[in-house]
Each structure stands twice: as structure tokens, then as C-alpha cells.
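Single-structure report; data block below.
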Amino acid sequence: MRLFTWWLRRALSGAGTLVGVSILIFIAVRAMPGGFAETILGPFATEEQRAELAERYGLDQSVLVQYWNWFTAALSGDFGTSMVSQQPVGAELASRFPVTAQLTVMAILAAAFIGVPLGVLAAVRAGGPGAGGRGAVVGRLAGGLGVSLPEFVLGSIVVYLFSRYALGLSVGGYVPLGDDPVGNLRAMLLPAAVLSVFAISATARTTRDAVLNVLVEPYVTAAVARGETPWAVIRQHILRNAAPPVLVLLTTVSAYLLGGAIIVEYLFNLPGVGSYVVHAVGRRDYAVVQAGVLLAAALFIVLNVVVDLVVGLIDPRLGVTTAGRRT
Amino acid sequence: MNQLTPAEPVVVARDLVVDYLAAHGPVRALDGVDLAVDAGETVGVVGESGSGKSTLGAALGRLLPSRAERRHGSMHVAGHSVFDLAPQPLRQLRRDQLGFVFQDPIGALDPTMRVGAQVRRALRGRQPSPRRSTRDAVAALLDQVRLRDPARVARAYPHQLSGGMAQRVALAMAMAVQPRVLVADEPTAALDSQVRDEVLDTILALTRAAGTTVLWLSHDLNAVARRCARVVVMYGGRVVEDGPAHAVLARPAHPYTHALASSAPSHARPGERLTPIPGRPPLLAGPAPGCAFAERCRFVVDRCATERPPLARVNGQAVLCHRAEELRSTAALPLPARPTDIPAEIGGGR
């Protein structure tokens, strides 16, 4: 029962957030200087031409009516057609989404499988002999650099290096995963690596802090006192208890990665959602921008729900059914 | 594993010196501890916070925090020199010979794991028969520590247990291996007073049945003296008095023990004033030049501040005090008439 009301609450608040986001983005794209007609027809078009175009796409109606039309259509799964390409937005997004998803998933996996072990290592070393040594300083510098280096800087460097010199991987040449897995991975490796630098650094840092907090817990001492091996203590007790903050961070990072993917897709010429939406913003292709932003918001909401559930499974004190109950 | 002759003590600390490295320099936690405990003994280690008793307990399993450093001396448990063991034999010693019960019962259990799973981990590799009996073994262990409804406790998470239940679970895990030595560091400090006695009874009954040596670390001299045959009093990182419980409590030989006994609330009759010990425990940066208690002692003489007191034997006790003999002969340490609360069979001692 508690679980049911929790689901209901989360679903309602998620839906409310989506409606709010859609309203905001609807207003925002229309508030941008230079409308669709100006962008398409250029500065020398006549008033009649502009009016005609606006009428064709319903842009002459009031924003309220436009939103209502869009909203009712969106409820039935129709996100409109691109005013530039005349293609349905839903289908276009669906075909491009796998690229962005793959990019983000690869970066998140790198964060989990590289960042988490690095963080654990840093925490365990910080408590042991040689703490504050050269290794720790180098690690902290690298971490700080990784968090603060923007994708467009790192990405440009990588693109330049790999285009200028034969380093085994080439830039561009995307093929879908289903058609040619090896070729796909060869094309995706570099952009995913660029995207993952921030995720790895942030994850390593959060993991380190979380593990340091767990290391001082009495149950860790108790496990050591029972003669458990360091590896067993890490796996059975430390990782489980340090996981919640890391998982929450990974959710936030994945939202950030969706943003970073825009730049990386642009740089590496990948047919993903990010580059699609950026082009659409430039051309004032309203329907595309709306749907793209809505998709990102929906993903983020779903991810948050999933993480809340997983965190509750790991630590029953934080469980969704015990939320707000103090014991 | 165990090459002991029965006569050899199971725990031997020799001149053990341990420092904690703090930002402003080292703090001496143990300042030359000498202690030998025979197999099967139940020893109460009494001292204020800061006396070094927890450090001593942790040293038994080499469980000192990383900022602690052993400067000198040795610790032998079951014939093994704890500080000289390689990681693997050290783990084996902890697993097979040592049990620990800590102060915070719920904190000592992993909050993300069901109690049954944690007890099973403590049992792992120790069950001769496979699978079938694991759950029974867990239930039997929980039953042994007198938990009602073991099956329900096994399914629970630690935060769903009361402090007393959690401490029984911790005890069950510590005793799962029938260790030779159990270190109980203030095991009842976090519990309600009515649960305390039950938990202590359980600890002592279980360890007696298993023949386990018990080191019970506590700040409560009277509680310890009631239940242990032998009492060890620590002050300033040293063992200042060591002897049979009834003797230590009835005729304390060290001025500190005397002060401790007179300041205990259970000692006073209603309406009577308690005598607090003036001053505060020392914070040593290195070896104490003389007796660590000198500053607070009513019987202090010049050499107390400059000369470390040698071991003296007074009555049945071993005492670190320059004037121990003198104080005994002049009966300078009388105690107020006290309720007779030492059962004869324990008081009769070893």
C-alpha cells in the first residue's frame, strides 16, 4: 500500500514536472529573437511572405492556442512535424536517440568501472600509510582537471590529434551498432571517452568521500575484527554502504552527460539527438526543440525514480516504503 | 594452530607502548602495559575514558586505527605475537581465536544486510555439514544468546532491532567461532539499565560454557567487581592495580582505585556525599616521568613526580605505587562500609 501511494505520488509529480517543462520551453523558444519565418526567409522577405508562412504553421495563432494544440497532440503521441525537414519529429527522435543513449551509457559505464575503483583506491590509501604522498596529490590534480575541463576543449584536442596523426582511431564514420558493431565502437570510442572524463572524475571523487565515511563505521571495524579479508570487507560492506551517494551522483551526471553529448555529437559529427536539437534551435524549428527537451526531462525523471528504488533496495533505512519514518 | 601448554597465559602484554599521532604531536595511549591472562579467566579492565583500556582491547586483535603506532613492547594472543604476524595469519587469529563485542551494538552491524546473512558470514567455513544446517546453525546461535523468535530476528535488518537485541546478535557472531578470547569493550554502555544485566549474564554464561577468556573493558568498577574474578585497573595508559576482585574492591591498594571506589554512586548510602576525584586524567605526550596519577593523588610525595613506580605486591594485588606498602600498613585507604554485593563464589576467586 505504501509502495503504491509512493508510485502514485512519483508518477503525478513526474507528470506535473513534464507539463511545467513543456510550458517553459514552449515560451522560451518563441521568446528567442528572430522567429521561424525570419530565419527561413531571410531579412529581405516581404511581410506577406512572412504572414503566409506563419499561417501555414499556425504561428499566427495566440501562444495559448498553439500550446493547447501541441499539448493535445502530444498526449496522443504526436509531437508534430519538423518545419524544416517536414519529417515527423517523433520518428526522427526515435531514430537518433540510440546514438545519444549509447554515448551516454558508454560514458556512465566508464564512470562506474573506472571512477568507482579509483575512488575506492583513493579512500583506502588515504586512510593507510603513505597518505598525502605523491600519488594522492597527482590523483587529486587529475581529478580536479577532469571535473573542470570542458568537453569542447578536450573534444577539440582529441579531434585534432586523431585527425592529424594516425593514432589507430579515426574521427567520424559513424555506423549503427546493429550494422557493424566493430565499426560502430571504433567511431564511438573517442566521443565516449571525451564525454566520460568528467563523469569518471566526479564519480571517483564522490566514491572516495563516500568510502571514507563508511570506513570509520563500527561495522567495518567489526568485520575486520572477525578476520574478513580486505577484499571481502570492501565488497560486502564498504561498496554496499557507499553506493547510495554514488548512485545519486551518477543520475545527476547522466543528465549532465545528455547536455555534454550535444557538444560531442557536434564535434564528432554523430547523428544523435543533441546535434539534431542544436540545429533545430538555430533554425527555430520549434516542434523539434520542444520534443527534444521534453525527452531529456522525461529521462531524468525516470532515472531519479529508478535510483530511489535501487537505493532503497541497497539500504533499507532509505527505502521508499520507510521514507520519512525514523527508527 | 595452537601450540600452547595449558599453563601458559593466553594473553600476554609486555611493556606495550602505543601512541596516537595527532596534528599537534603524539598522544600516548598505552605507556608500558604489562598484563598476563590465563585461559578461562574473566577479567574486568576498569578505567576512565582515556585510560587506555580500549586501546589495549584493540591491540589484542591489532585493530588499532591507522594513526596509532606501537612504539614498544609486544602482545601475545594464544602464543602468537600479534604485532609480528603477517596479514594472513593475523586474519586467521582474528577469525579463530578472537571475538569482539563493541560499545555501539547497532552500529556494529552492517545496516544494509539482514541479520541472518551477517551471522551466516560469521559462521562461514565453520559449518561441517553443508547447506541444510546453515539456517539451523544461525537460528541455534541466535537462540543461544537468548533471543526470542530467532527466525524473525534473522530476517530483520539491524535498524529494526533494539540495542539489547543487536548486542545479543553481535555476541552471537563473536561467539560463533568459540573463540579463546572475547574482548567486550563497554558492551552495555549504550543499553538501558534493565537490559544490561541480562546481556551481561548472557555474555558470561556463554563464555563460561565455551571456556572463553573474557576481557571486559568498563568504567564501572563495581559492576565489574560483581561479575569478574579478577579486576585490572588502568590509569594513564598503565595497569596500576591488578588482583582478585574482592580484594581490589574491599582493600584497594592504589590511591586511584581507592578514589574510584569511593566516587562510585552505588557505594554511597542515600544522602551521603560522593567523593569525586579532583582534577582530570592526564594527556600524555610521551612516557610519564613518574606516576601518572601523582597530580591528583592525596598521598603524593616528591619522587612520585620524577620516578616511575615499580611493581609492588600488596595483599593479593600487584600495584604500581611508590607508597603501596606504606599505605597498606598504616591503613590509610579505608573505604566506607559497603553493601555486601560480591557473591562468595566469585569473590573467592581463582
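The values are calculated or read from the model by the stated rules, or taken from the named source; none is laboratory data. In this text the structure is predicted, and so the values were computed from the model without any measurement. Neighbour counts run over all protein chains shown; Cβ positions are idealised from the backbone, glycine included.
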Quiz item: Looking at (1) outside any loop (DSSP other than H, G, I, E, B); (2) polar (S, T, N, Q); (3) without any contact (Cβ under 8 Å) to a residue 40 or more places away in the chain, which is the one condition that is false for residue B:188?
Solution: (1)
Self-check item: Boolean, residue B:96 is surrounded by fewer than 19 Cβ atoms within 10 Å (Cβ to Cβ) and more than 20 Å from residue B:170 (Cβ to Cβ)
Solution: no
Self-check item: Complete set of residues in region B:139-188 that are farther than 26 Å from residue B:9 by Cβ, crowded, with 22+ Cβ neighbours inside 10 Å and among the basic types (Lys, Arg)
Solution: B:168
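Just to confirm my filter: which helices (runs of 4 or more DSSP H) fall fully inside region A:118-234 and include at least 1 residues that are in contact (Cβ under 8 Å) with a residue 24 or more places away in the chain, surrounded by 22 or more Cβ atoms within 10 Å (Cβ to Cβ) and hydroxyl-bearing (Ser, Thr, Tyr)? Before the answer, list the steps.
Details: elements: A:134-148, A:151-164, A:181-215, A:218-225.
Qualifying helices (runs of 4 or more DSSP H): A:181-215.
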Quiz item: Does region A:266-276 include one or more residues that are of a type in the set (Val, Ile, Thr) and within 14 Å of chain B (Cβ to nearest Cβ)?
Solution: no
Quiz prompt | Condition broken by residue B:215, with the remaining ones in (1) touching a Cys at 6+ places or on another chain (Cβ under 6 Å); (2) at pLDDT 95 or above satisfied | solution = (1)
Exercise. Pick out the one residue from B:166, B:184, B:189 that is within 14 Å of chain A (Cβ to nearest Cβ), within 25 Å of residue B:50 (Cα to Cα) and touching a helix residue (DSSP H, G or I) at 6+ places or on another chain (Cβ under 7 Å).
Key: B:184
Quiz item: So which residues in region B:52-98 are assigned to a helix (DSSP H, G or I), facing chain A (nearest Cβ under 9 Å) and touching a Ser or Thr at 6+ places or on another chain (Cβ under 8 Å)?
Solution: B:91
Quiz item: Are any of the residues in region B:100-117 more than 16 Å from the chain's Cα centre (by Cα), in a helix (DSSP H, G or I) and within 24 Å of residue B:204 (Cβ to Cβ)?
Solution: yes
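Residue-by-condition table, conditions (1) more than 14 Å from chain B (Cβ to nearest Cβ); (2) of a type in the set (A, V, I, L, M, F, W, C):
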residue: A:198; (1), (2): yes, yes
residue: A:224; (1), (2): no, yes
residue: A:228; (1), (2): no, no
residue: A:231; (1), (2): no, yes
residue: A:241; (1), (2): no, no
Quiz prompt | Selected residue [of a type in the set (A, V, I, L, M, F, W, C), farther than 25 Å from residue A:204 by Cα and not assigned by TED's automatic domain parsing to the domain that holds residue A:156] from A:318, A:303, A:295 | solution = A:295
Quiz item: Mind checking which residues of region B:51-108 are touching a strand residue (DSSP E or B) at 6+ places or on another chain (Cβ under 6 Å), touching a residue at least 60 places away in the same chain (Cβ under 8 Å) and among the charged types (D, E, K, R)?
Solution: B:53
Exercise. Give the residues of region B:131-162 that are of a type in the set (D, E, K, R) and in a loop (DSSP other than H, G, I, E, B), sorted by residue number.
Key: B:131, B:146, B:148, B:149
